[in-house]
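Trainee: The following block contains the structure, expressed as structure tokens.
Nothing in this text is a laboratory measurement; each read-out follows from the coordinates by a stated rule. In this text the structure is predicted, and so the values were computed from the model without any measurement. Note: ideal-geometry Cβ built from the backbone for every residue, glycine included; neighbour counts use all protein chains shown.
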Amino acid sequence: MSGKTINLTLKVWRQPGAKAPGRLETYRAENISTDASFLEMLDIVNEGLTLEGKEPVAFDHDCREGICGMCGSVVNGRPHGPERETTLCQLHMRHFADGDTVVIEPFRARALPVVKDLVVDRSALDQVMAAGGFISVNTGQAPEANSLPVPKDKADLAMDAAACIGCGACIAACPNASAMLFTSAKVSQFALLPHGRPEAARRALAMLAQMDACGFGNCTNHQECEVECPKGISISNIARLNREFIKAALGSAEELPVIK
Amino acid sequence: MTWVLRMFSTSIGKKQLMAVTGLLFLLFLTTHLLGNLSIYGGSPAFVAYAEHLHALGKLLVVAEVGLVVALIIHVTLAVILFFENRRSRPVKYAVDKSGGGGRTFSSRTMPYTGLLILGFIVVHLTTFSHHIVDQTTRNIFQIAVAVFSQKLYLAIYLLGVLVVAFHVRHGLWSAFQTVGANHPKYMPFIQKLSIVFAVIVAIGFGSLPLAILALR
Ligand code: SF4
Ligand code: FES
């Protein structure tokens, strides 16, 4: 423990409800240990607000160990804050200097509407998953492990893609609020494995159609998503989705599903 | 055939049409530059190149029609994508500095450089195209000398070339990525090629009026 503490000025987006107007409010965060995580810092600020009889800042979180994908806000213009491949819950206050002003905003996208303060509704991502982010198998005994050989390199790439925790930072970072990095990671984790191939064409089209229907923007290859993704998901997954789309659109009998 | 329309009205479909038409323009830029470099063989070589090109007749018309169709597709989709993307984030960030460093000046300005290029194409065609400018009494070299002697046109041309270079710097690698051609071995090369190609466009085309005026 370093025992060092810092004082910060926070500008936090406060919005009482989905329809209500919101604005940035200024708060002081005092005597924050540099060993605290960003969310712990918010906890401390919220404790103060509660004692003052004010409404604490609503923010999403769950595991606080960088694996669940629940946390995430835009800190000084950067989703999950300034550290590479770090979720907000794993971001520590030692990356801030005494006296810093920190602006905290919710992820901004038409498809991810604000529920309250820093909390956004990410059900659009679930809808994309539900559209095709699975493989259809009959239940029963686990098959013999070596009956479906998986090349190591493919397994590694699938594992890298599956590291996506569905936090939505890629959308928040994208100047077009496109969900291509998320969707491509989810398509890739199946497309790379033999188990995912039989439904690959149907899956790619279904997830794409759902993604478009949710109102995300169109990818224009700014690469901001890759830079801000806490799991380091590569945009080569987006290229893979683009290839899967060509195969599905022009090389398979699958139709683009109609999303109501 | 409605399935084709439906496929290409998806976000990826639209982007891929942008990419393929964009790649076509890159091919055109390459041939256009290679041909025009004939100026370095002197004005007779330049004029001979133009005459050979026009002698292609129907083939040239097919190429021109192809480019016009590609341009219509590219521009129409650009407009659609631009407005769709603007709508996708109704509330902007208070702090929007994109500190991550993914974006480049080129990628950021694509819609605007695109619009400028469209304007430049109009000016360029009205001053040079054999469909618009009578080339029976003057040859292409004489026309070019006349055009570039006017400071305003020279400035517009040089600026146009620069804008094209910036558009191409993001467009080239972006087109490869969009059609799915991202490979760990080739992508670093393609990304560098984007920059090299942009520099070649800027210097290659940018030097032409200077060479023409020097040969005057
Ligand atoms: S791709 Fe990265 S940024 Fe996007 S949802 Fe997955 S983990 Fe989050
Ligand atoms: S709270 Fe689970 S990833 Fe941050």
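Trainee: Starting from 0.36 nm per residue, how many nanometres of slack lie between A:C63 and A:A130 once their C-alpha separation is accounted for? Intermediate values should be presented prior to the final figure.
Mentor: Numbers: separation 67, 0.36 × 67 = 24.12 nm, distance 2.28 nm.
Extra length available between A:C63 and A:A130 comes to 21.8 nm.
Trainee: As I understand it, the value is the acute angle between the Cα axis of helix A:180-191 and the longest principal axis of the Cα atoms of chain A; what does it come to in degrees, rounded to 10?
Mentor: 40
Trainee: Could you tell me which of rounded, prolate or oblate describes segment A:5-116, using a ≥ b ≥ c as the square roots of the eigenvalues of the alpha-carbon gyration tensor, with rounded for a/c under 1.5 and, failing that, prolate when a/b is larger than b/c and oblate otherwise?
Mentor: Here segment A:5-116 falls in the oblate category.
Trainee: Can you give the three extents of the C-alpha atoms in segment A:122-251 along their principal axes, from longest to shortest, in whole Å?
Mentor: Per principal axis, max minus min of the Cα coordinates gives 46, 28, 26 Å.
Trainee: Name the most mobile residue of A:C174, A:C63, A:C214, meaning the one with the largest mean-square fluctuation, in a Gaussian network model of chain A with Cα contacts below 10 Å.
Mentor: The residue with the greatest mean-square fluctuation here is A:C63.
Trainee: Evaluate E = 1/(1 + (r/R0)^6) for B:Q142 and B:I200, where r is the Cβ-Cβ distance and R0 equals 22 Å; express this FRET efficiency to the nearest 0.05. Each step should come with its number before you reach the end.
Mentor: Details: r = 27 Å, r/R0 = 1.24.
Step by step, r from the Cβ atoms, then E = 0.20.
Trainee: Then there is this: For segment B:1-78, state which trypsin sites (Lys or Arg not before Pro) are in a DSSP loop and have at most 11 other beta carbons lying within 10 Å of their beta carbon. Write out the running numbers ahead of the final one.
Mentor: Details: sites: B:R6, B:K14, B:K15, B:K58; in loops: none.
Hits after loop and neighbour filter: nothing returned.
Trainee: Straight-line reach only, C-alpha to C-alpha below 13 angstrom: list the aspartates and glutamates that A:K152 could link to, leaving out same-chain residues fewer than 8 apart.
Mentor: A:D160
Trainee: Next question. How many Cβ atoms of partner chains, on average, are near each residue of B:46-54 if near means within 10 Å of its Cβ?
Mentor: Numbers: counts 0, 0, 0, 0, 0, 0, 0, 0, 0.
Counting other chains' Cβ atoms within 10 Å and averaging over B:46-54 gives 0.
Trainee: For a quick check, take a GNM of chain B with Cα springs below 10 Å and name the residue from B:P184, B:P111, B:P90 with the largest mean-square fluctuation.
Mentor: Ranking B:P184, B:P111, B:P90 by mean-square fluctuation puts B:P90 first.
Trainee: Further question on the same structure: Indicate the helices, whole DSSP H runs only, in chain B that combine a mean Kyte-Doolittle hydropathy of -0.5 or more with a Cα extent along their long axis of 15 angstrom or more.
Mentor: On the way: long enough: B:11-36 (37 Å, 1.01); B:43-55 (18 Å, 0.34); B:58-87 (44 Å, 1.63); B:110-128 (26 Å, 1.64); B:151-178 (39 Å, 1.11); B:187-215 (41 Å, 2.02).
Answer set is B:11-36, B:43-55, B:58-87, B:110-128, B:151-178, B:187-215.
Trainee: Would you kindly give the portion of the calculated P(r) for the protein assembly as shown that falls above 35 Å, as a percent of all Cα pairs?
Mentor: On the way: 50098 of 113050 pairs.
Roughly 44 percent, once rounded to a whole number.
Trainee: If I model segment B:2-215 as equal point scatterers sitting on the Cα atoms and use the Debye formula, what is log10 I(q)/I(0) at q = 0.10, 0.14, 0.17, 0.18 Å⁻¹?
Mentor: At q = 0.10, 0.14, 0.17, 0.18 Å⁻¹ the computed log10 ratios are -0.52, -0.97, -1.31, -1.42.
Trainee: Can you tell me the relative contact order of chain A? Whole percent, Cα pairs under 8 Å, sequence separation 6 or more.
Mentor: Relative CO of chain A lands at 18 percent.
Trainee: Taking the Cα centre of the protein assembly as shown as the origin and placing charges on Cβ (Lys, Arg +1; Asp, Glu -1), which of A:G133, B:T76, A:L42 is farthest toward the positive end of the dipole?
Mentor: Value: B:T76.
Trainee: What is the calculated FRET efficiency for A:D156 to A:S123, with r their C-beta to C-beta distance and R₀ = 25 Å, to the nearest 0.05?
Mentor: The calculated FRET efficiency here is 0.20.
Trainee: Between B:I80 and B:V4, how many nm apart are label points set 7 Å from Cα along the C-beta direction?
Mentor: Those two pseudo-labels are separated by 1.5 nm.
Trainee: First obtain the Kirkwood hydrodynamic radius of chain A from its Cα pairs, then insert it into the Stokes-Einstein equation at 25 °C and 0.890 mPa s, and state the resulting D in µm² per second as a whole number. Don't jump to the answer; show the numbers that get you there.
Mentor: Numbers: Rh = 19.8 Å.
Once the numbers are plugged in, D ends up at 124 µm²/s.
Trainee: Once phi is turned into ³J(HN,Hα) by the Karplus curve 6.51 cos²θ - 1.76 cosθ + 1.60 with θ = phi - 60°, what whole-Hz value does each residue of segment A:76-82 show in order, with x for glycine and proline?
Mentor: 6, x, 10, x, 6, x, x
Trainee: If you fit an axis through the alpha-carbon atoms of helix A:152-162 and take the longest principal axis of the Cα set of chain A, what angle between them do you get, 0 to 90°, nearest 10?
Mentor: In chain A, helix A:152-162 runs at an angle near 50 degrees to the longest axis.
Trainee: Sequence gap at least 6, Cα distance under 8 Å: using those rules, report the relative contact order of segment A:26-158 to the nearest whole percent.
Mentor: Numbers: 141 pairs, mean separation 26.3, N = 133.
The normalised contact order for segment A:26-158 reaches 20 percent.
Trainee: Next question, about the same structure. Quick one: if you stick a label point 7 Å off each Cα along the C-beta vector at B:S129 and A:R23, how many nm between them?
Mentor: In this crude label model, B:S129 to A:R23 measures out at 5.4 nm.
Trainee: Which whole-number percentage describes the relative contact order of segment A:186-260, with Cα contacts under 8 Å and a sequence gap of 6 or more? Numbers along the way, then the final one.
Mentor: Numbers: 51 pairs, mean separation 34.8, N = 75.
In percent, rounded to a whole number, it is 46.
Trainee: Per 0.36 nm of contour for each residue apart, how much would the distance between B:Y40 and B:A181 grow if the chain were fully extended, relative to their Cα-Cα spacing? Display every interim value, and only then the final one.
Mentor: On the way: separation 141, 0.36 × 141 = 50.76 nm, distance 3.56 nm.
Difference between extended and current length: 47.2 nm.
Trainee: Which value in deg cm²/dmol, rounded to the nearest 500, describes the helix-derived mean residue ellipticity at 222 nm for chain B, given -39,500 (n - 2.57) per DSSP H run of n ≥ 4 and division by the residue count? Walk me through the intermediate numbers first.
Mentor: Numbers: 9 runs with 164 residues, N = 216.
My calculation for chain B gives -26000 deg cm²/dmol from helical runs alone.
Trainee: List the residues, sorted by chain then number, that are 5 or more residues from A:R14 or on another chain and whose placed amide H is less than 5 Å from its amide H.
Mentor: Residues meeting the amide H criterion: A:R23, A:L24, A:E25.
Trainee: Per-residue ellipticity at 222 nm for chain A, helices alone: DSSP H runs ≥ 4 residues times -39500 (n - 2.57), over residue total, nearest 500 deg cm²/dmol?
Mentor: Working: 8 runs with 87 residues, N = 260.
Helix-only estimate at 222 nm: -10000 deg cm²/dmol.
Trainee: Further question: Considering only the protein assembly as shown, what is the antiparallel percent among its DSSP beta bridges, to the nearest 5? Don't skip to the answer; put the middle values down first.
Mentor: On the way: 16 of 20 bridges.
Bridges in the protein assembly as shown that DSSP calls antiparallel: roughly 80 percent.
Trainee: So how far apart, in nm, are the two label points at A:R243 and A:E85 if each is 7 Å from Cα heading toward Cβ?
Mentor: 2.3
Trainee: Report the one residue of B:H131, B:A94, B:W173 whose Cα lies farthest in the direction of the positive end of the charge dipole of segment B:94-216 (charges on C-beta: Lys and Arg +1, Asp and Glu -1; origin at the Cα centre).
Mentor: Among B:H131, B:A94, B:W173, the one farthest towards the positive end of the dipole of segment B:94-216 is B:A94.
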